[in-house]
Amino acid sequence: MYDIKPLEEEWNKYNKKKRKPWYLLGLGIIVSTIIFFVIFKFNITDSFKSSDQNKSVETFSKVEKGGSSSILMDKSLATLELEKSKKNVIAKTLEIKPTTITSYDDPMGNSEVYVKEKKIKKPRIKSKVKMVQKPHKKMHLNIIETTSVSAYKDVEKRFYASHDTDDSLFLAKSYYSKGLYKKAEHWALETNKVNGNIEESWLIFTKSKVKLGHKNEAIRLLMSYIKRSNSKNARRLLYKIQKGNL
Amino acid sequence: MKSRYEAAKNVFIDSVDVDDYIELESSVTAYKQLHHSMDKPLKMILLFGRPGTGKSILLNRISEKLKHQKEIHYFDTPAINEKEFFHKLFKVLTKKDLPNNTEVNFSALVDFCKELRGKREIVILLDEAQMYGIEMMEKIRLLSDSRAVKFVVSLHKTEDEDLIAKEHFQSRIWEVIELKNATKADQTTYIHKKLLKKNLFEIANSIKDKDMKLIHAFTKGNFRECNKLLFTIFEICEYYDKNEPSKINYEHIPQRIIEMAALKLGYIHV
């Protein structure tokens, strides 16, 4: 057997030829699958696009009813400004993004590219803000509410278990800052029950009393605390309450 | 060191040696049929089949088996001309050599045969009968009409030879025995038996059923083609065994090698 190498080469060619239909079949399946998915995707995007177009038509018609297109721009800007004043977290993050891009120093000196990006991105963000603002705002607020409620309940539970004045004082301060003065009064009293020498609990308690309309009781309580502790902060507060500046 | 595949390769050297005869279901049937036909008062028997279907080995085997029972003579190679053929026939019939510078007179030979009727029953096995011309076949037929000499004519089955058979023999009293290519089962038995006859059990086991299917597809069950293919397969195996042993699996002959052999013999093409 002297011709084994040419025979091997011949067999390699034969083997490739033999497998060719299978490769073609496999390729055909892959291509047809890709085509199928592309068409399928197009159908989905088309349906989405058409629904989006309908929505935009609807909004546009609504806007048109309200006024001209320039008014729409002004409105959106006004909305953005309002968001700024409200210190909305989402609006802030969205507004920060373009400024972050502008602060890039291009090491290659291709400032034009960045300027272009900046120019393109700004209106996009604005439009996004315009479209997404309301649902985002709602979702964010809901999250805070739900988490805060559960967190406050956890702190309350923890206080009842440990009688830690840090927890009760935290609750008193939090409720006071939120305007829930009855709750603030309750938690200030709870703190005072555990430890009667914590100045902050006295101050929140009296401030809550004032807010709830019990000004005289608050002054009386504060004066008794000043006699006991001679606290400067308590004096300042008494002065504010008497002047009616709280 | 001698490769194990060398012995296997030699098993499949194509021959009509009676020792290489493998009893298969189909060959046993053909043998019995031929034996039975020879006992009939027939003048001529036609053994018919494509090349490599085992006609020659069957004639050889029947000649060997019956040589002590009957006056049987096997003409394995066809005579190059009429003169030579009648010289051979003269020797068989008269049991004497023809004197030098003499020729056989055909009508005298026919008369001699007629005289032998009832006294002797001679069977002549003519292999490769397609090599004989039409005129020659007519003379053979006339000799067989004497009923003292019976001819078993082995003939290749090709389109042309089919025509010869139809035109010159089928109208006469003939018993036709047709040999066909082996079935996959018969071919598998054939290959296994051949290898086992030479104690090559491991190699026989290394040819799996899937390989047999492939071999049968390539050779179409033809014994001669099968011998050729297996010889080439083992030749390639022998090369790898001696030179590149990593390319051979001793437990299973790779399909690649079978296909390489098929490529070499032209059963498949790139």
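The values are calculated or read from the model by the stated rules, or taken from the named source; none is laboratory data. Every value quoted in this text rests on a predicted model; they were computed, and no experiment measured them. We place every Cβ from the backbone using ideal geometry, glycine too, and count neighbours over all the protein chains shown.
Mind telling me which of the residues A:177, A:162, A:111 ends up being at pLDDT 50 or above, loosely packed, with under 14 Cβ neighbours inside 10 Å, over 30 Å from residue A:232 (Cβ atoms) and of a type in the set (Ser, Thr, Tyr)? Matching residue, one of A:177, A:162, A:111: A:162. Return a yes/no flag: does segment B:142-149 have any residue that is surrounded by fewer than 18 Cβ atoms within 10 Å (Cβ to Cβ) and modelled with pLDDT of 90 or more. No, segment B:142-149 contains no residue that is surrounded by fewer than 18 Cβ atoms within 10 Å (Cβ to Cβ) and modelled with pLDDT of 90 or more.
Only residues that are in contact with a helix residue (DSSP H, G or I) (Cβ under 7 Å, 6 or more places away or on another chain) and either at pLDDT below 90 or on the phi > 0 side of the Ramachandran plot (or both) were counted across segment B:30-44, and they come to 2.
If you go through segment A:181-236 and keep only what is aliphatic (A, V, I, L, M) and more than 23 Å from residue A:157 (Cβ to Cβ), you end up with A:203, A:210, A:212, A:218, A:219, A:221, A:222, A:223, A:226, A:234.
Is segment B:246-257 home to any residue that is crowded, with 19+ Cβ neighbours inside 10 Å, within 14 Å of chain A (Cβ to nearest Cβ) and assigned to a helix (DSSP H, G or I)? Yes; the residues of segment B:246-257 include at least one that is crowded, with 19+ Cβ neighbours inside 10 Å, within 14 Å of chain A (Cβ to nearest Cβ) and assigned to a helix (DSSP H, G or I).
For segment B:38-76, a residue qualifies if it is charged (D, E, K, R) and within 13 Å of residue B:174 (Cα to Cα), and the qualifying residues are B:40, B:43. Residue-level check: of (1) at the interface with another protein chain (Cβ under 10 Å from one of its Cβ atoms); (2) free of Cβ contacts under 8 Å to residues at least 12 places away in the same chain, residue B:235 misses just (2).
Once segment B:212-228 is narrowed to residues that are within 14 Å of chain A (Cβ to nearest Cβ) and touching a residue at least 12 places away in the same chain (Cβ under 8 Å), the residue that is farthest from residue B:14 (Cα to Cα) is B:214.
When you scan segment B:72-86, do you find a residue that is assigned to a helix (DSSP H, G or I), at pLDDT 90 or above, surrounded by fewer than 19 Cβ atoms within 10 Å (Cβ to Cβ) and in contact with a Leu (Cβ under 9 Å, 6 or more places away or on another chain), even just one? No, segment B:72-86 contains no residue that is assigned to a helix (DSSP H, G or I), at pLDDT 90 or above, surrounded by fewer than 19 Cβ atoms within 10 Å (Cβ to Cβ) and in contact with a Leu (Cβ under 9 Å, 6 or more places away or on another chain). For segment B:208-217, filtering for residues that are at pLDDT 95 or above and either farther than 28 Å from residue B:49 by Cα or surrounded by 21 or more Cβ atoms within 10 Å (Cβ to Cβ) (or both) leaves 2.
Conditions (1) of a type in the set (Ser, Thr, Tyr); (2) modelled with pLDDT under 90; (3) under 21 Å from residue B:261 (Cβ atoms); (4) part of a helix (DSSP H, G or I), marked per residue:
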{"position": "B:130", "(1), (2), (3), (4)": "no, yes, no, yes"}
{"position": "B:137", "(1), (2), (3), (4)": "no, yes, no, yes"}
{"position": "B:164", "(1), (2), (3), (4)": "no, yes, no, yes"}
{"position": "B:168", "(1), (2), (3), (4)": "no, yes, no, yes"}
{"position": "B:185", "(1), (2), (3), (4)": "no, no, no, yes"}
{"position": "B:188", "(1), (2), (3), (4)": "yes, no, yes, yes"}
{"position": "B:194", "(1), (2), (3), (4)": "no, no, yes, yes"}
{"position": "B:235", "(1), (2), (3), (4)": "no, no, yes, yes"}
{"position": "B:239", "(1), (2), (3), (4)": "yes, no, yes, yes"}
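Residues checked against (1) over 20 Å from residue B:259 (Cβ atoms); (2) exposed (fewer than 10 other Cβ atoms within 10 Å of the Cβ); (3) at pLDDT below 90; (4) within 14 Å of chain B (Cβ to nearest Cβ):
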position	(1), (2), (3), (4)
A:2	no, yes, yes, yes
A:11	no, no, no, yes
A:25	yes, no, no, no
A:41	yes, no, yes, no
A:51	yes, no, yes, no
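The set of residues from segment B:44-60 being outside any helix (DSSP H, G or I) and out of contact with any strand residue (DSSP E or B) (no Cβ under 9 Å at 6 or more places or on another chain) comprises just one member, B:52.
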